[in-house]
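Nothing in this text is a laboratory measurement; each read-out follows from the coordinates by a stated rule. Just so it is clear, the structure is predicted and the values come from calculations on it, not from any experiment. Methodologically, a virtual Cβ is constructed for each residue, glycine included, from the backbone with ideal geometry; neighbour enumeration extends over all protein chains shown.
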Amino acid sequence: MNYDQLKQEIIEYSKTIGIDKIGFTTASTFDELKNRLIRQQELGYQSGFEEPDIEKRVNPALLMDQPRSIIAIALAYPSKMNGRVTSKKGERRGLFSRASWGLDYHIILRERLKKLEEFILEKVPDAKCKSMVDTGELSDRAVAERAGIGWSGKNCAIITPEFGSYVYLGEMITNLPFAPDEPMEDRCGDCNKCIDACPTGALVQGGQINAQRCIAFLTQTKDFIPEEYREKIGNRLYGCDSCQTSCPENKGKDYHFHDEMEAEPEVVKPLLKPILQLSNRQFREGFGQLSGSWRGKNPIQRNAIIALAHFKDETAIDDLVQVMKEDARPVLRGTAAWALGKIGGEQAEQELLGAKEQETDINVLSEIEKGLQMIKR
């Protein structure tokens, strides 16, 4: 088997199925990554969404018998919407981050990897392949970096010369010995714009992130968001783009190669007040195709409440009062109470005082008290 020729055939085929960039690397262990992951764990900087076994994250041999190489792929996604909707008084809107526009990227990349796998098996029937996207054990960024897709930026994203950091990543472990590509030189230099732009200081230093402070992580949690971060979240419903939009490498980068990645403005920048009353079915029908829906409606509804507080939207007081008084979920009742305090006014104060007499949950009562204190100030 001429593996150099097969590699070239794979590269050419990848272009025909909508893969924007492809790279190859060895299946050796990611020793440098292992040290970084151990340090992140020691510092408590992990999100908790990662594969907990560090060895599996750095050693492909634990995921496949006798792996020889890894194929990395990247697909560019848009940074601007085709069509716009505007947020205005009384009709305030939230925002999903760019990586959640269009169809869930896990579905898109798995489909591309499946086609790539079928192509390889057609050429080499006894080949072994194991593909993964984001939720797999390996670090997508570490694989992409070593395969020459791009360099690992100070914002902890892979930055490509062609598409900036607006790329989805996936990889395939194989038992075929493809020649590895050269990693790319780091081009961040002394630029620290992403670090300076991070709203919560989650970027501790170039290439190191404290996920517990990252808005992209916080918007996916299900508990109360610590008060110090609520104002920083603004009107974000899912994710955060600050470290990407501030990056000079992303200036002017906006590619619309894949129809399924196009944003529906009313979905990714939705009206906030209607979100508060969505049933599970309505949420699935309206937002279920987005990658940002994976945690269900609870975090999105909580974030919508925080967004209404951010706008100090007085037209939302009745909606927030209904949540505070009637919702079965303490996190939503409490966050609504805090939001009413943030918006302020006599009606909000009276409703909070009334809720204080009826509420029994200690955490919700704490949020009611915070709301009343904000009004008194």
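Expressed as a rounded percentage, what relative contact order does segment 313-377 have, with Cα pairs under 8 Å and six or more residues apart?
Taking the mean separation of contacting Cα pairs over the length of segment 313-377, I get 35 percent.
Among GLU12, GLU357, GLU231, the residue with the largest mean-square fluctuation in a Gaussian network model of the chain, with springs joining Cα atoms closer than 10 Å, is GLU357. Sequentially through segment 69-82, phi angles give Karplus couplings (6.51, -1.76, 1.60; θ = phi - 60°) of 7, 10, 9, 9, 10, 9, 10, 7, 10, x, 10, 10, 7, 8 Hz, Gly and Pro residues having no value and appearing as x. For segment 313-377, the gyration tensor built on C-alpha atoms gives an oblate shape. Its axis ratio a/c (a ≥ b ≥ c) is at least 1.5, and a/b is not larger than b/c.
By the rule of a C-alpha distance below 29 Å, with chain neighbours fewer than 8 residues away ignored, the lysines paired with LYS273 are LYS80, LYS88, LYS89, LYS222, LYS232, LYS297, LYS312, LYS325, LYS342, LYS356, LYS370, LYS376. Relative contact order, whole percent, for the chain stands at 20, derived from Cα pairs under 8 Å and 6 or more residues apart. Averaging the sequence gap over all C-alpha pairs within less than 8 Å and six or more residues apart, then dividing by the number of residues, gives segment 1-160 a relative contact order of 30 percent. Against the empirical 2.2 N^0.38 Å (N residues), the chain has a Cα radius of gyration ratio of 1.10.
Which value in deg cm²/dmol, rounded to the nearest 500, describes the helix-derived mean residue ellipticity at 222 nm for the chain, given -39,500 (n - 2.57) per DSSP H run of n ≥ 4 and division by the residue count?
-12000 deg cm²/dmol
Between amide H atoms placed 1.01 Å from N, distances below 5 Å from THR26 occur with ILE70, all of them 5 or more places distant or on a separate chain. Length available on full extension from VAL124 to SER366: 0.36 nm per residue minus the Cα-Cα distance, which gives 80.8 nm.
Taking the fewest neighbouring Cβ atoms within 10 Å as the starting point, the ordered list for LEU237, LEU113 is LEU113, LEU237.
The phi-based Karplus calculation (6.51 cos²θ - 1.76 cosθ + 1.60; θ = phi - 60°) puts the 3J(HN,Hα) values of segment 365-377 at 4, 5, 5, 4, 5, 4, x, 5, 5, 5, 5, 5, 5 Hz, whole numbers, x for Gly and Pro.
Relative to the longest principal axis of the Cα atoms of the chain, the long axis of helix 346-358 lies at roughly 90 degrees. Toward the positive end of the charge dipole of the chain, with +1 on the Cβ of Lys and Arg and -1 on the Cβ of Asp and Glu, the farthest Cα among THR16, VAL364, GLY44 is that of VAL364. Between GLU51 and HIS106, the simple label model (points 7 Å from Cα in the Cβ direction) yields a spacing of 1.5 nm. Around the Cα centre of segment 313-377, unit charges on the Cβ atoms of Lys, Arg, Asp and Glu (plus for the first two, minus for the last two) sum to a dipole of about 300 debye.
Peptides 78-89, 190-201, 140-151 ranked from most to least packed give 140-151, 190-201, 78-89, packing being the mean of other C-beta atoms within 10 angstrom over each peptide's residues. Checking Cβ-Cβ separations below 4.7 Å across the chain identifies CYS129, CYS156, CYS188, CYS191, CYS198, CYS214, CYS240, CYS247 as cysteines lacking any candidate disulfide partner.
Counting only alpha carbon atoms, the long axis of helix 3-16 and the longest principal axis of the chain meet at about 40°.
Using Cβ point charges alone (K and R +1, D and E -1), the dipole size of the chain about the Cα centre works out to roughly 680 debye.
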